[in-house]
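Student: Here's a structure for you.
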Amino acid sequence: MCGITGIVSQNRTDIGQILVECSSKLTYRGYDSVGIATVVNGMVDLRKDVGKIEDVNEELGLSKMKGDRGIAQLRWATYGAPTKTNAQPHFGCSRDFYGAHNGNLHNYYEYRRELMETGHHIRSENDGELCVHAVDKYYEQTDDMFEAVRCSTRDLQGAFAYAVGRADEKKIYAVKMGSSLVAGIAEHETIVSSDLPSILPLTNNVVYLQDGEMVELTPDSVRVFRVEDGKELHREAEITSVDSSAAEKGGYPHFMLKEINEQPQVAEDVLGVLEGPKSDKWIQMIENSNRQYLVACGSSYNAGIVGSYYFNRLAGVPIIPAIGGQFEPLYGKTLDEDSLCILVSQSGETKDIINVLNRVKNDDLGKTLGVLNVIGSTLMFNADAYIPMVCGYEVSVPATKTYFSQTIIFAYLAAKLGVRNGHLDPREGEQFISALKKNLPRLTKDTMNKSGILAKELARTLIDVPDLYCLGYGLTDGVAREGALKIKEICYNHCEGMYSSEFKHGPLSIVTDEYPVFFVTTTEDSWMIINHINEVTCRGGRAIIVGEKEDKLLPYVDNDGDYLAVPKSPVLLNPLIDVIPLQLLSYYLSVDKGINPDLPRNLSKTLTVD
Ligand code: BG6
């Protein structure tokens with residue numbers, strides 16, 4: 001997906017500088033190419049190229065662009081290769097129009113042909129260009145920019161958001177149709193953007209938008225309208241609590257390391273929410289449903305797997321983990337009005353998840369409970385209820401603190417549910433909840449301190465390893481998958497996460513001398529996982545163990561460095577902290593390989609496309 005930013009200012013004449021400052025906060029949304037279009041003396045100055053914003057700025061002087069208004073776009077390529085021509089923003093047919101989009105036009109090829117057959121000169125192979133031509137087309141018919149923007153949406157199918165302007169108007173318009181968009185009001189200047197972090201350098205006075213709405217920006221106003229009939233909607237601006245420090249590294253070399261180190265605070269904050277008055281309602285939603293699913297993608301899916309084990313273990317409730325894009329073909333027909341879909345998405349915008357949300361709502365197939373981090377997201381506004389993950393903005397593309405928050409939420413709710421349905425002894429339940437509240441923040445910090453050095457040293461021994469496995473058992477199944485995903489995402493090694501008892505049924509054939517296999521353990525399952533370690537080490541494989549140090553496991557590691565030990569903790573907390581050494585290992589291995597872990601190639605933080 002991509003990131004768009006539009007600003008209209010009363011007094012600025014060097015709009016390029018603030019557009020670079022604001023839009024660079026969206027780098028996690030896309031870094032294949034970047035471009036800026038500004039209006040100077042009634043003419044559009046449009047500069048764009050492939051590469052990250054700092055490089056293209058260096059090359060084209062983006063921050064030196066003149067004007068009092070403009071649009072910036074950071075691209076994650078979908079339609080059209082990442083080339084200069086396909087970079088955004090784009091002109092319309094006429095160079096008086098400039099604009100950029102985020103999302104996907106499903107009718108791209110048909111509409112492109114239609115526009116060309118009616119005389120439009122299409123310059124690129126990028127679907128975003130068609131949004132600007134559509135406005136150009138309707139302007140020809142209406143001679144009114146507002147109407148042209150409103151009508152342009154009729155021709156476009158898919159999930160998208162776009163911002164567009166005309167050289168002779170001191171306004172910018174933007175449309176929200178399935179991709180995220182939020183506006184902000186500052187002193188004699190206004191801004192619209194795909195995400196909050198790019199608004200914060202200008203203002204914390206924000207206007208949240210919903211799908212099917214459009215905004216008109218002037219230097220002193222943000223007006224919201226319903227696209228369907230053009231009716232103005234009086235939407236109050238509100239002060240967001242998210243502060244701009246979220247978009248700064250705070251002295252860390254990378255956002256990823258900063259966000260890993262924020263996990264002790266995340267534990268405290270999310271437990272504070274869980275101890276609040278709304279927990280009961282969330283637990284009742286589970287109790288009042290006949291079947292429940294944890295639907296998610298990427299790291300959120302791995303957290304969902306951890307959650308499903310907790311719900312079984314502590315509450316005796318089978319909550320099925322499901323991959324967002326797979327949900328409809330695999331479970332779509334099992335839904336009815338008593339189902340509950342727990343939709344887990346830190347961004348609240350992942351299209352695979354929004355598709356499930358829309359299916360459940362449109363066909364009245366039960367309730368939806370969002371587990372989300374971004375306030376103002378599509379999932380937040382449209383789920384029947386939502387649990388805020390309160391992590392603060394997560395900027396690094398690989399998820400860390402948001403995954404951590406999700407696993408804590410599931411562990412907590414499972415324990416509370418287990419006590420209520422009698423599956424868990426009340427005393428045991430209270431002990432676990434108390435351990436979460438009192439021990440977990442400190443334990444998280446101790447684990448980072450204890451395993452940081454070990455992870456850094458271990459990373460050096462893996463730098464030339466082309467591929468490896470990461471195995472878990474029971475409550476650490478999802479943890480092992482998350483560790484494997486981190487290594488894939490930011491180290492570019494192939495690393496498969498899977499269930500340790502399954503490894504002998506085929507994948508074991510990969511093991512040769514020194515082949516590395518991670519085993520993520522808990523003290524209650526190590527008796528079982530020891531069999532699986534044996535099957536690897538007796539064939540010369542290299543076992544790397546992640547978990548509490550246990551004497552019975554020591555004989556299986558060739559040297560101390562192959563034991564990523566975490567501090568002693570109540571067994572049910574093991575799975576929550578076992579992920580930390582794996583996060584740190586992948587981080588250090590990525591950096592050792594000269595990769596920027598915050599911006600791994602080909603990836604994007606939030607995929608608002610199918
Ligand atoms: C991917 C991200 O694009 O989306 C992952 O790279 C993330 O880090 C996944 O886990 C799901 O994102 P979300 O916002 O739905 O939790």
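The values are calculated or read from the model by the stated rules, or taken from the named source; none is laboratory data. As the structure is a computational prediction, the values presented were derived from the model and not from experiment. FYI the Cβ positions are ideal-geometry reconstructions off the backbone, even for glycines, and counts take in every protein chain you see. All accessible areas refer to the heavy atoms of the entire protein, side chains included, with ligands and DNA or RNA removed. Shrake-Rupley method; radii C 1.70, N 1.55, O 1.52, S 1.80 Å.
Student: Return one whole number: the accessible area per residue of the stretch 3-247 in Å², for a 1.4 Å probe.
Tutor: With all protein chains present, the stretch 3-247 gives 36 Å² per residue.
Student: How big is the antiparallel share of DSSP beta bridges in the chain, given as a percent to the nearest 5?
Tutor: Percentage antiparallel, nearest 5: 60.
Student: Can you tell me what the convex hull of the Cα atoms of the stretch 255-592 projects to on average, as an area in nm²?
Tutor: 15.8
Student: What Rg and what Dmax come out for the chain when only alpha-carbon atoms are used, in angstroms?
Tutor: Here Rg and the maximum Cα pair distance are 25.2, 79 Å.
Student: Over the stretch 255-592, give the accessible area per residue in Å² for a 1.4 Å probe, as an integer.
Tutor: That works out to 35 Å² for each residue.
Student: Not counting ligands, DNA or RNA, and with a 1.4 Å probe, what is Ile320's accessible surface area in Å² rounded to the nearest 10?
Tutor: It works out to around 60 Å².
Student: Next question, about the same structure. Helix-derived [θ] at 222 nm for the chain: sum -39500 (n - 2.57) over DSSP H runs of at least 4, divide by residue count, nearest 500?
Tutor: -11000 deg cm²/dmol
Student: Where Rh denotes the Kirkwood radius from the mean inverse Cα pair distance, what is Rg over Rh for the stretch 458-573?
Tutor: 0.92
Student: Enter the Cα centre distance for the pair the stretch 50-117 and the stretch 124-185, rounded to the nearest angstrom.
Tutor: What the calculation gives is 13 Å, centre to centre.
Student: Same structure again: With the Cα gyration tensor of the stretch 3-247 in hand, give its eigenvalues times 5 under a square root as the equivalent ellipsoid semi-axes, listed largest first in whole angstrom.
Tutor: Ellipsoid semi-axes (Å, largest first): 24, 21, 17.
Student: Then there is this: When the solvent-accessible surface of protein heavy atoms is calculated with a 1.4 angstrom probe, in what order do Ile260, Ile510 fall, highest first?
Tutor: Greatest to least solvent exposure: Ile510, Ile260.
Student: Largest first, please: the extent of the C-alpha atoms of the stretch 207-351 along each principal axis, to the nearest Å.
Tutor: The Cα atoms of the stretch 207-351 stretch 57, 47, 32 Å along their principal axes.
Student: For the stretch 557-601, what number results from the quotient of the Cα radius of gyration and 2.2 N^0.38 Å?
Tutor: 1.44
Student: Got a sec? Which residues in the stretch 529-554 would a label at Arg460 touch, if it sits 7 Å along Cα→Cβ and we count backbone N under 11 Å?
Tutor: none
Student: Another question, then. Measure out, as a whole number of angstrom, how far apart the alpha-carbon centroids of the stretch 271-341 and the stretch 484-515 sit.
Tutor: 27
Student: Let me ask something additional. Can you tell me the length gained on complete extension of the stretch Glu430 to Asp280, counting 0.36 nm per residue apart and subtracting the Cα distance?
Tutor: 52.5 nm
Student: May I ask you to give the percent of accessible area on the chain that is carbon plus sulfur, with a probe radius of 1.4 Å?
Tutor: 48
Student: Evaluate the Debye formula for the stretch 434-510 with equal point scatterers sitting on the alpha carbons, no solvent, and hand back log10 of I(q)/I(0) at q = 0.13, 0.21 Å⁻¹, in q order, two decimals.
Tutor: Cα-only, vacuum Debye calculation for the stretch 434-510: -0.52, -1.06.
Student: From a point 7 Å beyond the Cα of Lys170 in the direction of its Cβ, which residues of the stretch 39-64 have a backbone N at a distance under 15 Å?
Tutor: Under 15 Å, as judged by backbone N against the label point of Lys170, lie 39-43 of the stretch 39-64.
Student: Continuing with this model, one more query. With both bridge residues required to lie in the stretch 3-247, what share of the DSSP beta bridges run antiparallel, to the nearest 5%?
Tutor: Within the stretch 3-247, antiparallel bridges account for around 95 percent of the total.
Student: Excluding ligands and nucleic acids, what accessible area in Å² is computed for Glu238 using a 1.4 Å probe, to the nearest 10?
Tutor: Its heavy atoms expose roughly 90 Å² to the probe.
Student: What does the convex hull of the alpha-carbon atoms of the stretch 163-285 project to on average, in nm²?
Tutor: 11.1
Student: For the chain, build the charge dipole from Cβ charges (+1 Lys, Arg; -1 Asp, Glu) around the Cα centre, then report which of Ile463, Leu19, Tyr108 sits farthest towards its positive end.
Tutor: Result: Ile463, furthest along the dipole toward the positive end.
Student: Now a separate question. Protein chains only, probe 1.4 Å: how do Ile172, Ile185 rank by accessible area, largest first?
Tutor: So the residues, ranked largest to smallest area, are Ile185, Ile172.
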